[in-house]
1. F43 fails exactly one of the following numbered conditions: (1) in contact with a Cys (Cβ under 6 Å, 6 or more places away or on another chain); (2) open to solvent by 10 Å² or more (accessible area, probe 1.4 Å); (3) of a type outside the set (V, I, T). What is the number of that condition?
2. For the stretch 159-178, which positions are farther than 11 Å from L124 by Cβ and surrounded by 22 or more Cβ atoms within 10 Å (Cβ to Cβ)?
3. Between I230, I190, I198, I186, which is modelled with pLDDT under 90, within 19 Å of the chain's Cα centre (by Cα) and outside any helix (DSSP H, G or I)?
4. Which ones in the stretch 123-138 are farther than 25 Å from L97 by Cα, in contact (Cβ under 8 Å) with a residue 12 or more places away in the chain and surrounded by fewer than 21 Cβ atoms within 10 Å (Cβ to Cβ)?
5. When you scan the stretch 181-239, how many residues do you find that are closer than 30 Å to I27 by Cβ and open to solvent by 60 Å² or more (accessible area, probe 1.4 Å)?
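The values are calculated or read from the model by the stated rules, or taken from the named source; none is laboratory data. All figures in this text were calculated on a predicted structure; none of them were measured in a lab. Here the Cβ is made from the backbone with ideal geometry for all residues, glycine too, and neighbour counts use every protein chain on show. Note: accessible area is taken over every heavy atom of the protein model, side chains too, but ligands, DNA and RNA are not part of it. Shrake-Rupley method; radii C 1.70, N 1.55, O 1.52, S 1.80 Å.
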Amino acid sequence: KGMSAGGRVLEYTSMKPSIPMKGGDTIPFHSLFGDIEFKNVDFRYPTRPDQKILSNFSIKIPAGQMVALVGSSGGGKSTIAALVERFYDCDSGQITLDGKNLKSLDPSWLRGRAIGYISQEPVLFANSILENIRYGRPSATNEEVIEAAKAANAHTFISWFPSGYSTVLGERGVTLSGGQRQRIAIARAIVKQPSILILDEATSALDAESEKIVQEALDNVCKGKTVLVIAHRLSTIRHANMIAVISGGKVVETGTHDQLKNKKEG
């Protein structure tokens, strides 16, 4: 049993990643605007080479603005987020950040410093709340962690625990409610101080009351950043500067919340 289980682990550890973890350019923090552009991007997942996910896909996400992607499941929205973080490289076309091709940038810097990612199901570790938030930026001080928690509307409920920030969470944060887990994840993104934020269905798994509290926290963290929002519902992204409707790997419609709503009603 040990040999067969270990063999699987060794198989993965000896694999050579197709995208290197380190190496490439970085953009100094003071001159990073966060301007993202997809230019005629084609993409297929390596495991499904016969299925085209994005086809001649182009979109511009201007620095400091919120652009939302909506559409049915399987349209390619989450793939776009994965390509921005460079978990995959596009087959043709190019993706640029501040005019620099993503392939020329250091992936560790891109994911560790430039981009903050908040998903529908945040991953929390069986460690203290303090360390779970600090995971966003390991060099952050305790004071910076607490400030981030306050900005994420998490400080009050953390203070209710007898051990406060030293409270050890269960595996994957099972001791917290969905809304509380999400606010820990937002605090983690805030302490990282990224220039770009990706929100992937960040409130879709929450009840109405939790969604309101989490949305307030997201509004705090989004100020002055380039934000890419992935959502199913138009109602959750009414504050976006632009909404792009994605279907079949292409942008089929763009506009503000009101413009698209009027088109729908018309």
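1. (2)
2. Across the stretch 159-178, there are no qualifying residues.
3. On the way: I190 fails: outside any helix (DSSP H, G or I); I198 fails: modelled with pLDDT under 90; I186 fails: outside any helix (DSSP H, G or I).
I230 is the lone residue from the list that is modelled with pLDDT under 90, within 19 Å of the chain's Cα centre (by Cα) and outside any helix (DSSP H, G or I).
4. Hits for the stretch 123-138 are V123, F125, A126, N127, S128, L130.
5. So the answer is 6.
Quick grid of which residues meet (1) under 20 Å from R113 (Cα atoms); (2) at pLDDT below 90; (3) in contact with a helix residue (DSSP H, G or I) (Cβ under 7 Å, 6 or more places away or on another chain); (4) not aliphatic (A, V, I, L, M):
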| position | (1), (2), (3), (4) |
| --- | --- |
| A148 | yes, no, yes, no |
| T156 | no, no, no, yes |
| F161 | no, no, no, yes |
| G173 | no, yes, yes, yes |
| R181 | no, yes, yes, yes |
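For (1) surrounded by 10 or more Cβ atoms within 10 Å (Cβ to Cβ); (2) not charged (D, E, K, R), each residue gets a yes or a no:
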| position | (1), (2) |
| --- | --- |
| G6 | yes, yes |
| S18 | no, yes |
| F29 | yes, yes |
| D50 | no, no |
| T96 | yes, yes |
